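No value in this document is a laboratory result; all are computed from the given coordinates. Only a predicted model underlies this, so the values are computations on that prediction, with no experimental measurement involved. Quick reminder, even Gly has a Cβ in these numbers, built from the backbone with ideal geometry, and neighbours come from all protein chains shown.
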Amino acid sequence: MPEPARGPEPPAPGPGARILLVDPYVAREDPMERKFVELYPSLSLLTLAGYLRAGGTPVALADLTFARDLEPLDEPLRRFRPEIVGVHTKSLTVPRALRVAARAREAGALAVAGGPDSASRPELYLEGGFDAVVLGEGELTISALAEKVARGEPIAGEPGVVTRVGGRTVRGPPRPYLRELDRLPLPAWDLLDMESYLRSWEARTGERRAALLTSRGCPFDCSWCSKPTFGRSFRQQSPERVLEELTELKRRYRVDYVRFCDDVFGIQRGWLLSLLDGMIARDLKLKFECLARVDLLKPELLDRMREAGLERVYLGVESGSQRMLDLMNRGTRLGQIRQVAQQLREHHVRQFWFLMLGYPGETPEDIEATHELFREFSPEEYSVSIAVPLPGTRFHELVKDRLRSLGRAPKKTGGRTLLFEAAYPEKMYRWEQLRFAWEAQLAQLRRSLSPEVLRSLEEAGQRFHDLVATPLLLGRKRPPREPVPRERAPSSLPVLPGKFPPGRSAR
Ligand code: B12
Ligand code: SF4
């Protein structure tokens, strides 16, 4: 879809047809997610529900996250009798989303898909049984659909909507983005079971954790990043509006730890400083985590962030090879990564590194450089994924003629599976993932083993890689490398077990 222009001030949504919003993600059915994914209620549906409700549209939520299957749909379909069932979509949940659509249609409702996956391939959803797909930002479009359905008017051609009419796909024009994110009501937390999420966090960490979003979009342009919903637009709420949301989370739900889910948190320095000042002045006593870019995290910002409660930072490190960072159009420098990693360590802020293997152009030497960087800093947590060519990205374009079919392996998820014919066999990337796990394990043992024993283990691992694994996997002998350097930057933080890849090209 072409980038929509900044639009006029949105009209206030009017009352519309009854809408049931569904998140089809079921945590227990996803082996990777059960281990690695942090569970938060869907911010998309909470926001959409808050917006619809504020405009007078009757709305209910069905959250399958803690369910076994589609059973949480039964009661709302029977009692609430929605005229529209709106389903949030991610590539991970396609089959269940299609089953929800079938149930919705059986119940006589219009099945509408929205979210990142249906935005990048609406045809799949229309062919799979949905009546319509909402592209991009959903608030204005779903409100308009609700009004049309309430009035019994046709929805084909509506801005932001794709439908089928007589077997022909009809795409409405793009709908302008919301201009003022401050005008969004607070998320409709009360429409779902917040306590289940908070209790599960409390049991695991002793903290009541919640997620929020302060901005939409990201102005950067990494080649593999899928931005099907907000494109390269960038809009943010005012620091005051964010403070209001934080205060309410604290007051209503006794939240003491928040995750800022923005693609990149604190893109504008002045904005970030004024939010941090507000958090400190209001004495919110909230710990927080966020995703940041190494080129934006300047030392004076980090000091202030730590003061305001920063506990953990997710960093898209991706590669230890500058050549690869440039090929990915990442816009970051290795020097910046090293500087930020060192400063975070000095500030006792946990680091979660995202690393990526297999991006086109990567050689074993580039991978080796990533290992070196990883060993230099031993981040407390990490995820190493095999590059996932998400539809709609330049990376996908690059490999679209060599995508692999996963056949009958529905449990295989991106991030642990090679989804395209890459330069090297999948088993090599899987082996490299294991090597990162081994290196993380060694870093963890740094405190309990003598330097000699540690060095012998490192060297043994390296020799095994050079002399056994590499020739076996690549079918050719490679010369053994120099022994692992003795001097490593000392780790002032406990090194915790690394997390094996949840396949997160997501941020
Ligand atoms: C925050 C976030 C998370 C958080 C989720 C917090 C939460 N519970 O909401 C965490 C870290 C847990 C997470 C996990 C995962 N994530 Co994530 N995540 C994001 C991120 C950064 C923001 C999503 C968000 O909340 N946006 C704010 C809301 C308001 O926007 P939105 O979701 O787009 O919704 C708007 C529209 O899309 C539309 N809309 C959405 N749903 C619907 C439904 C209807 C009916 C309608 C009409 C409209 C509509 O209207 C909404 C309001 O305007 C996005 C990147 C991005 N910028 O989109 C990735 C992203 C959504 N994640 C992604 C992925 C892959 C995952 C994981 C599968 C990764 C993994 N393997 O572990 C898991 C999935 C877990 C799950 N439960 O489904 C991908 C999805 C790609 C795809 N095509 O499926 C994205 C796009 C990142 C990327 N570029 O790859 N994620
Ligand atoms: S990966 Fe992060 S920084 Fe890069 S374009 Fe995507 S959201 Fe922006």
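Between the residues VAL87, PRO364, SER42, the greatest Cα displacement towards the positive end of the dipole of the chain, with unit charges on the Cβ of Lys, Arg, Asp and Glu, is found for PRO364. Within segment 46-84, the trypsin sites (Lys or Arg not before Pro) that combine a DSSP coil assignment with at most 11 other C-beta atoms in a 10 angstrom radius are ARG68. Shown for LYS287, LYS148: other C-beta atoms within 10 Å of each C-beta, ranked fewest to most, produce the order LYS287, LYS148. Short-range pairs are left out: with C-alpha atoms under 8 Å and at least six residues apart, the relative contact order of the chain is 11 percent.
Filter LYS227/LYS250; LYS90/LYS427; LYS227/LYS285 down to the pairs with a C-alpha to C-alpha distance above 29 Å, please.
Details: LYS227/LYS250 31 Å; LYS90/LYS427 27 Å; LYS227/LYS285 33 Å.
Pairs exceeding the cut-off: LYS227/LYS250; LYS227/LYS285.
Would you mind ranking ARG404, ARG338, ARG254, ARG416 by Cβ crowding within 10 Å, fewest neighbours first? Don't jump to the answer; show the numbers that get you there.
On the way: ARG404 13, ARG338 16, ARG254 10, ARG416 19.
In increasing order of surrounding Cβ atoms, one gets ARG254, ARG404, ARG338, ARG416.
Antiparallel versus total DSSP beta bridges in the chain: what percent is that, nearest 5? Percent antiparallel among DSSP bridges in the chain is about 20.
Can you give the charge dipole size of the chain about its Cα centre, rounded to the nearest 20 debye, using +1 on the beta carbon of Lys and Arg and -1 on the beta carbon of Asp and Glu? The partial results should precede the final answer.
Values: 78 positive and 69 negative charges, 144 e Å.
I would put it at about 700 debye.
Couplings 3J(HN,Hα) for segment 80-94, derived from phi with the Karplus relation 6.51 cos²θ - 1.76 cosθ + 1.60 (θ = phi - 60°), are 7, 6, x, 8, 10, 10, x, 10, 7, 10, 9, 4, 5, 10, 3 Hz, where x marks Gly and Pro. Dipole magnitude for segment 95-175: about 200 debye, using +1 per Lys or Arg Cβ and -1 per Asp or Glu Cβ, origin at the Cα centre. Listed as lacking a disulfide-compatible partner in the chain: CYS218, CYS261, CYS290, by the criterion of no other cysteine Cβ under 4.7 Å.
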